[in-house]
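For reference, the structure discussed in these notes is given below.
The values are calculated or read from the model by the stated rules, or taken from the named source; none is laboratory data. None of the values given here were measured: they were computed from a predicted structure. Glycine gets a Cβ as well: all are built from the backbone with ideal geometry, and neighbour counts include every protein chain shown.
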Amino acid sequence: MTTGNEPTGATPRGGPPQTDAERLRDGRHRYARSPETAALDARAAELRAQGSTYQQIADELGYRSRSGAIDAVRRAIRDACAGPAQALIDLEVTRLEMITDEVLEILQRDHVVVSHGKVVKDEEGKPLLDDGVKLQAVDRYLRSRESFRKLLGLDKPAKVEHSGGVRYEVIGVDPADLT
């Protein structure tokens, strides 16, 4: 199924593509994203930056309509932003990995209870271990993992189901007055 925003030029079955735009179709005549399509999108953006109208871009590059040229320019802009955006994501992932590593180190250490500047010991003279620090580290670890999932888009949207009806009640009105 096509959207009408793909390059035009139906190729006769078995015949070679007639225009650059026709080469952008797959075997089922559907628009296919490829290096060639990215180059065509970039050309559309270049023409737009030079002052061409979307209709002029569509005519020159072989899009069926002006909206095809608009979509091409939008894809080019999205592609241009993808590199810097990915670099930012990579930087944030690196920072989150450093935080996660530090939290894991804290989790692996033993922590003792300290009261009034002195280590608290049990009846045998051994220092009491403080589980509170580890529990805080677990909370921080879970928060950092949540940040990873959000950053990388790994969480699925929650599905909400609703069953049953809705009942409306008007207060202060006698139903007999409504008839």
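Some points to look at:
- D177 being assigned to a helix (DSSP H, G or I) and acidic (D, E): yes
- Which numbered condition E124 misses (of (1) in a loop (DSSP other than H, G, I, E, B); (2) not assigned by TED's automatic domain parsing to the domain that holds R95): (2)
- Whichever residue in segment 37-79 is among the polar types (S, T, N, Q) and not in a helix (DSSP H, G or I) and, among such residues, is surrounded by the fewest Cβ atoms within 10 Å (Cβ to Cβ): Q50
- Scan of segment 147-179 for residues that are aliphatic (A, V, I, L, M) and within 30 Å of E97 (Cβ to Cβ), ordered by number: L151, L152, L154, A158
- Failed item, numbered, when T100 is tested on (1) touching a residue at least 60 places away in the same chain (Cβ under 8 Å); (2) farther than 26 Å from R33 by Cα; (3) of a type in the set (S, T, Y): (1)
- Residue identified as surrounded by fewer than 11 Cβ atoms within 10 Å (Cβ to Cβ), modelled with pLDDT of 85 or more and of a type outside the set (D, E, K, R) among G172, G164, G117: G117
- Residue match in segment 84-93 (condition: assigned to a loop (DSSP other than H, G, I, E, B) and out of contact with any His (no Cβ under 6 Å at 6 or more places or on another chain)): no
- For segment 11-36, the set of residues classified as part of a helix (DSSP H, G or I) and either among the aromatic types (F, W, Y) or modelled with pLDDT under 80 (or both) consists of A21, E22, R23, L24, listed by residue number.
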